[in-house]
Amino acid sequence: MIRILTIGDVVGERATARLSECLWNLRRNLNIDTVIANGENASSGNGLSPKDAKALLMGGVDVITSGNHIWKKSELRCMLDEEETLLRPANYPSANPGKGYTVTDVCGYRLLTVSLLGTVYTEPLSCPFETLDRILEREDGRYDISVVDFHAEATSEKLALAYEFDGRVNAVVGTHTHVQTADERVLPGGTAFITDLGMCGPDGGILGVRKDEVIRKLRTKLPVRFAPADGELVLCGAVITLDGKNSLSIERLRVNI
């Protein structure tokens with residue numbers, strides 16, 4: 001049995017610090033073999049700093065995926081080139097720093113983790129379907145298990161990608177909306193799927209930021225600098241259980257940390 005914990009968008013430095021403190025204990029309590037977390041909002045003011053990326057990797061995250069905010073901190077770009085387990089979405093131009101997938105060892109199995117960004121209501125990047133086709137073809141025979149973090153706005157795009165690659169990858173987990181969905185399931189071809197993992201961040205605001213600032217922006221339509229919300233920190237994600245190369249189950253996880 002292999003158990004993979006996938007964690008939704010980490011929001012803010014307070015959540016990053018707390019997750020780095022408690023994740024190893026959580027891994028032991030849940031019998032987790034490896035952890036994949038989306039870190040694109042893990043630092044102050046969105047984005048990811050090298051300091052916070054290192055804290056997550058030392059604190060128990062094995063692979064950091066990301067999304068449209070990955071370029072917010074220019075100082076991260078060298079680390080994207082140097083750190084094999086820090087990913088930017090694979091469908092950004094190939095000349096950009098970093099890469100969009102990695103292969104790591106988990107209990108003697110080779111785990112391919114892919115980070116993709118949706119194109120519906122977001123950025124006009126390369127097609128995520130064609131990008132994933134190319135990655136799977138290029139890495140054929142070099143991995144045993146595969147997990148895709150699809151950072152996308154449209155729920156239809158996430159489910160469409162999961163159905164298109166059902167049976168070709170072990171799991172497709174959605175990120176980006178910060179709201180955990182209740183549709184986790186194993187698709188007919190054997191791919192574990194959830195539309196959105198949710199977030200790891202403060203539960204007392206709106207999507208992890210202060211309520212008053214979000215409301216002011218919606219009422220006035222003026223620019224507002226968002227700050228992380230107060231309140232308890234919650235970790236949202238999903239645990240995928242595999243028997244060798246086959247996905248057996250996917251279970252939502254929501255715990256205070």
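The values are calculated or read from the model by the stated rules, or taken from the named source; none is laboratory data. On a predicted model such as this, the values are computed, not experimentally measured, just so you know. Note that we place each Cβ from the backbone using ideal geometry, even for glycine, and neighbour counts take in every protein chain shown.
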*Which one of the conditions (1) surrounded by 23 or more Cβ atoms within 10 Å (Cβ to Cβ); (2) among the small types (Gly, Ala, Ser); (3) at pLDDT below 95 does residue 244 fail to meet, given that it meets all the rest?*
(1)
*Residue under evaluation residue 41, criteria (1) crowded, with 24+ Cβ neighbours inside 10 Å; (2) part of a loop (DSSP other than H, G, I, E, B); (3) in contact with a helix residue (DSSP H, G or I) (Cβ under 8 Å, 6 or more places away or on another chain), criterion not met*: (3)
*Give me the pairs, please: first residue somewhere in region 85-103 and over 18 Å from residue 50 (Cβ atoms), second residue anywhere and of a type in the set (Phe, Trp, Tyr), beta-carbon distance under 6 Å, and either six or more positions apart or on two chains.*
90/101; 103/143
*residue 99: out of contact with any Lys or Arg (no Cβ under 8 Å at 6 or more places or on another chain) and of a type in the set (D, E, K, R), yes or no?*
no
_Neighbours by Cβ (under 8 Å, 6+ apart or cross-chain): first from region 53-65, more than 17 Å from residue 99 (Cα to Cα); second outside any loop (DSSP other than H, G, I, E, B) and polar (S, T, N, Q)_ = 55/16; 55/20; 56/16; 56/20; 58/20; 59/20; 60/20
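How many of the residues in region 48-90 are of a type outside the set (Phe, Trp, Tyr) and not in a helix (DSSP H, G or I)?
Going through region 48-90 one residue at a time, the tally reaches 24.
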*From the list 19, 30, which residue is closer than 19 Å to residue 239 by Cβ, in contact (Cβ under 8 Å) with a residue 24 or more places away in the chain and surrounded by fewer than 18 Cβ atoms within 10 Å (Cβ to Cβ)?*
30
*Answer yes or no: is there a residue in region 108-128 that is surrounded by fewer than 17 Cβ atoms within 10 Å (Cβ to Cβ), out of contact with any strand residue (DSSP E or B) (no Cβ under 6 Å at 6 or more places or on another chain) and in a helix (DSSP H, G or I).*
no
*Out of 141, 204, sole residue that is more than 14 Å from the chain's Cα centre (by Cα), assigned to a loop (DSSP other than H, G, I, E, B), under 29 Å from residue 105 (Cβ atoms) and not aliphatic (A, V, I, L, M)*: 141
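Condition check ((1) within 16 Å of the chain's Cα centre (by Cα); (2) not acidic (Asp, Glu)) across all residues:
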residue	(1), (2)
37	yes, yes
58	no, yes
62	yes, no
68	yes, yes
93	no, yes
97	no, yes
100	yes, yes
117	yes, yes
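Got a sec? Which of 140, 62 is within 19 Å of residue 9 (Cα to Cα) and surrounded by fewer than 24 Cβ atoms within 10 Å (Cβ to Cβ)?
62
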